[in-house]
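Here's the structure, in structure tokens; my notes come after.
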Amino acid sequence: MVVFRLGLVIAFCVIVGRLFQLQVIRGADFQTKSSGNRLKTLEVVAPRGVVYDRNGTILARNKPSFEIALVPEDLPEDKPETPDIDEEGDEIARVLSLVHADTDPKIALRVAEIMFRTLGRFDYAKALTTAGFKVDFVTVPGEEKEIIMATDLPAAPVSMPFTVPDISTPLPLPALVQLVKFAIDFKRQGSASEAVSILDSIERIKALEFSEESYHMPAMRINPSPIRQYVYANMFSHVLGFMGPIPAEQADQYTKRGYNLNEKVGLSGLEYSYQDQMRGLPGYKTVERDILGREVRTIGQVQEPILGSNLVLNIDLRLQRVMSDALQSAIVQQKARWGVTIAMNPQNGAILGLVSQPSFDNNVFAERLTENEGYQQIQNDKRRPLLNYAIGGQYPPGSTFKMVISTAALAEGVVGPDTTIMDAGPIYLVNQFFPNDLSQAQKFVSWNHRYGIVHGPINVVQALSLSNDIFFYEVGGGYPVTKFRGLGSAAMAKWAELFGYGAPTGIDLPGEIGALVPTAQWKRQRYAESWTTGDSYNMAIGQGYMLATPLQVLVNTATVANGGTVYQPQIVYQLTDAQGHVQRDFTPKVVRQLPLQPGVMDLVRKGMWEAVNAPDGTAITSKIDGIEVAGKTGTAEFCDKEHYNPKKLDCLDDKDFRPSHAWYVAFAPYENPEIAVVTFVFDGGEGSLTAIPVTKKILETYFKEIHPR
Amino acid sequence: MRNLEKRPRRVDDLGIRIVILALAALLLMALQLTGHLRPLQSAITLLTSPAQLSATGITENITNVIDYFAELRNLRQRNAELEQLNSSLLAEKLSLREVEHENELLREFFKFAKNRPGLELRGAQLIGLAIGDESTNFLRRIIIDLGQIHGVKVGMPVITDQGLVGRISEVNDSISKVLLLTDATSAVNAVLQKSRLNGVVRGTASGDLIMDFIDQGVKFSVGEAVLTSGLGGRFPKGLPIGEVIEIRRRDIDFSQQAVVRPTVDFKRLELVAVVTNFNPVEEVPELLVINPQTSTITATNTISVTDPSLNPGQVTATHVITNVDPLDLAAPLTTPVESAP
């Protein structure tokens, strides 16, 4: 009896003791363990800001790209009681079969490629060989190293070839399963709840189809990640740009700015310029999961992601479309190589449209680039569609540069409003070494002389209207015969720079170049030669060494249109948040006011008005009903390898014509300009023939359709 | 007996009396058998007959009383029996009403099936809610009374005439689990009927039914019907899923979402049908317009209820539903009859 009672007491004590151990001594430990199973912190993706045109039409947005991944901890474990069944491998094989890795060689290749990247070349080979699969190796040339081959020989660069497993032939399903198993074992050593990607860039419709099977494949995750979709593709490629992985050489810089090296960032266009603003910051949430690993509820505070800012552009989709189409047809018609057209509000620098052609479909950069036909095509195109010629191409501005020279001449007092210069035919600059031999002299003609026309005595307004070259030769470089003193190299360079040439305009796009404003010093350093009067003559009509980007020519035009204020061109109008609230509003940026006496710009403007509206103007075809347009044509001769004629040691053709770029700049309405446009067609022939129709179409659209009077 | 105990027992006393009495009895019996006692009997009878008569009346009354009580016991029993019968008939009636209701449901099914000739359907009863493996409050799985022996396989769609319920996620010999549309692991390809936009209808942890991955830049409206798209061939095309009740659209997100109210009332699931086979490329009218004239019913279903206590006693309730094809009627309709007493 006593023994029985004692037994009861002992048993009770044991139970209480065990309870104490479980609850009190190891309680915290178990708590952590069970929370670890139950609670999981997930990243909440922050979408990137989208891009709208000035009317709120969406131009760039996000779309999902799908990846298939496996979560190690959700895979079935190999059961010891069934040693002949590989539960984990079977499940992996089921998932791989679902995505057709067993039947589609392309998918098998892609899975192997991803595993190769995940495992590295050693483990990749090891995973296959340990499972009894044969691995072929290929030799690749390695890094070059300076190696001293023999003591008496200098160090020579030697490449260090190494072998890598050949991943160019599709692997059978069991081999792929082995690779994935290997990758999963690695992941288990770190965090078993982190998914291992096995296939990416899955098209939406396929991903949706696969997702129906996820209910009985608990380890499979179909993860959507945002990629960019450019709704109007080619039409806005140079403006919007594209995104891609952080370039290796910029990795440090991005890391310092708080970027994760797996992130995609803007690599060109506005995507690059506004990368920091458009990028969102991910948030975090803790979720409770049931025993099947499904999210049951969210625990505690969700750290909301910070959404990226949206961009609202100054560009109007309707105008951009017309600009794109009109330029395209001009290029096709002239069989020209490329061209640019840009429109800007001359009163504030807002870019209303910007087109560089040929363009490209920037959506191809959102996809995987290897085996990407679209990308290969862009890469192989000799016309370099990726280059934004509006800001990255530099060309002689031709007669459009007469806007600068006439302003400079009036401002510097080289000519007055009524000063006339005589055009009586070609003029000659004598050779300084043979001053008496006219056959050695340099001949300068005006475009009209080819047609047997001389303009006689003309003033600055008429010179602009007629685009007479003799007037500008003499204004730019002086004329020894009449003892006329011109502006000279330094003054021309000074005024060119005042108008914005020689330096990037500061537009909110990457890759803008400054182009060249030649000076005597530059020529000396570059060619070890002196600046000649002939150089000044050429520069005065926008030829010779003088180069400009189409955007610089537009800024120049806008400055004339508004009476002398240089504005920094801006594509972005506003930054807004997801609710559409303005975060940063548009503020015009004045670069400088030109130091002009009153009335100077009026004369330049008058000259451009007459070019369009006087009976003998050079741009009369750009007139449009009801709106007073002012403009200036340009036909900039050039010589390059393709046009070189060895017989004439120049690019002259049989009729002694050089190839030329077509330019036309215009603004309207004349009295209170709202829009300034530049059109440039490389190798486009005469400005009046090729570039005017494009500009005219743009102005008509602007005044008749977008802002009807 | 207590008194006797107090007296000393005398064996001869009692034994002798018994022997004497026994011998006297034997003698009297022998006399009666030989007929020597008859005159005596007659004389006694003559003397005692009046008294006997009245005595008989008394005993008869007594017997009657006793009989009465016996009868009462029987009646009670009978009453209980009748009550039992009554309640069994009531149950019968209820069960018949149930059958009728079920037939009502089936009729709807027929109409539905008529419009979907490409579907091979097999009717099933909801027999339980699989809440054992749930830690949530939301009903996500149900159990039905069809299993492997009925040809049910994992992945088969489960529907009602109202629309899609889910699909078979687990099969045992004679029962199966159905994963409902609203489960967080469920994903079904769907299309918006009017705008023709596609996406995936999935359950969420919060219990909402969501149509996800609808392309950006396209518009759809509240009230649009959501149907199965048949993409991937796992579900028949054009089965109703629900109706859009809310649009979740933000320019910055990579796709649009629609909150969907399911057409099936998951709280009141009774009869479902397992789609055992279907033609994945079948083009069907997606809007199920049921024309009453076309729904001629051709199946017969007879339910006999027999009460053995009633003779000739066969109460027969006959429910005639015309139309058999293609629904297998046997399974759903025999079940309640078997459960009747």
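The values are calculated or read from the model by the stated rules, or taken from the named source; none is laboratory data. Bear in mind that the values here come from a model prediction, so they are computed numbers and not experimental data. Counting neighbours? That spans all protein chains shown, and the Cβs are built from the backbone with ideal geometry, glycine included.
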>> Tally up the residues in the range B:132-157 that are within 14 Å of another protein chain (Cβ to nearest Cβ) and modelled with pLDDT of 55 or more, please.
In response: 7
>> Can you confirm whether B:LEU119 is modelled with pLDDT of 75 or more, touching a helix residue (DSSP H, G or I) at 6+ places or on another chain (Cβ under 8 Å), buried (at least 17 other Cβ atoms within 10 Å of the Cβ) and not acidic (Asp, Glu)?
In response: yes
>> Quick check on my filter: what residues within the range B:154-202 are free of Cβ contacts under 8 Å to residues at least 24 places away in the same chain, outside any strand (DSSP E or B) and within 19 Å of B:THR276 (Cβ to Cβ)?
In response: B:VAL154
>> Step by step: first the residues of the range A:184-217, then only those that are within 26 Å of A:LEU39 (Cβ to Cβ) and among the small types (Gly, Ala, Ser), then the one that is farthest from the other protein chains (Cβ to nearest Cβ). Which residue is that?
In response: A:GLY190
>> Only one of A:LEU354, A:LEU240, A:LEU327 is crowded, with 22+ Cβ neighbours inside 10 Å, closer than 30 Å to A:ALA561 by Cβ and not assigned by TED's automatic domain parsing to the domain that holds A:HIS581. Can you tell me which?
In response: A:LEU240
> Looking at the range A:421-452, which of its residues are surrounded by 15 or more Cβ atoms within 10 Å (Cβ to Cβ) and in a loop (DSSP other than H, G, I, E, B)?
Replying inline: A:VAL430, A:ALA441, A:SER446
>> Considering only residues that are under 30 Å from A:ILE620 (Cα atoms), assigned to a helix (DSSP H, G or I) and touching a strand residue (DSSP E or B) at 6+ places or on another chain (Cβ under 9 Å), which ones fall in the range A:473-507?
In response: A:TYR473, A:GLU474, A:VAL475, A:GLY477, A:ALA496, A:LEU498
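For B:VAL178, indicate whether it is among the β-branched types (Val, Ile, Thr), under 32 Å from the mean Cα position of the chain (by Cα) and modelled with pLDDT of 90 or more. Lay out the reasoning, then the answer.
Values: among the β-branched types (Val, Ile, Thr): yes; under 32 Å from the mean Cα position of the chain (by Cα): yes; modelled with pLDDT of 90 or more: yes.
Against the criterion (among the β-branched types (Val, Ile, Thr), under 32 Å from the mean Cα position of the chain (by Cα) and modelled with pLDDT of 90 or more), B:VAL178 qualifies.
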> Of all residues in the range A:79-110, which are in contact with a helix residue (DSSP H, G or I) (Cβ under 7 Å, 6 or more places away or on another chain) and either among the aromatic types (Phe, Trp, Tyr) or farther than 23 Å from B:GLY232 by Cβ (or both)?
Replying inline: A:LYS79, A:GLU88, A:GLY89
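Residues are listed down the side, and each one gets a yes or a no for (1) surrounded by 18 or more Cβ atoms within 10 Å (Cβ to Cβ); (2) away from chain B (no Cβ under 12 Å):
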position: A:ILE222; (1), (2): yes, no
position: A:ILE246; (1), (2): yes, yes
position: A:LYS256; (1), (2): no, yes
position: A:ASN262; (1), (2): no, yes
position: A:GLY266; (1), (2): yes, yes
> Considering the range B:201-215 alone, what residues qualify as being at the interface with chain A (Cβ under 10 Å from one of its Cβ atoms) and within 15 Å of B:ARG250 (Cα to Cα)?
Replying inline: B:ASP212, B:PHE213, B:ASP215
>> Filter the range A:52-78 down to the residues that are in contact with a helix residue (DSSP H, G or I) (Cβ under 6 Å, 6 or more places away or on another chain) and more than 30 Å from B:GLY232 (Cβ to Cβ) and list them by number.
In response: A:ASP53, A:THR57, A:LEU59, A:ALA60, A:ASP78
>> Of the conditions (1) among the basic types (Lys, Arg); (2) within 10 Å of chain A (Cβ to nearest Cβ); (3) outside any strand (DSSP E or B), B:LYS219 satisfies every one except a single condition; which number is it?
In response: (2)
> From the list A:ILE222, A:ILE205, which residue is within 30 Å of A:SER97 (Cα to Cα), in contact (Cβ under 8 Å) with a residue 60 or more places away in the chain and over 16 Å from the mean Cα position of the chain (by Cα)?
Replying inline: A:ILE222
> Taking the range A:281-317 as the region of interest, how many residues are under 24 Å from A:VAL364 (Cβ atoms) and either in a loop (DSSP other than H, G, I, E, B) or modelled with pLDDT under 85 (or both)?
Replying inline: 2
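If you take the residues in the range B:222-278 that are part of a strand (DSSP E or B) and among the basic types (Lys, Arg), which one is nearest to the other protein chains (Cβ to nearest Cβ)?
We begin by selecting, within the range B:222-278, every residue part of a strand (DSSP E or B); these are B:225-228, B:240-248, B:256-262, B:271-278.
Next, only the ones that are among the basic types (Lys, Arg) stay: B:248, B:261.
Working: B:ARG248: 13, B:ARG261: 21 Å.
The residue in question is B:ARG248.
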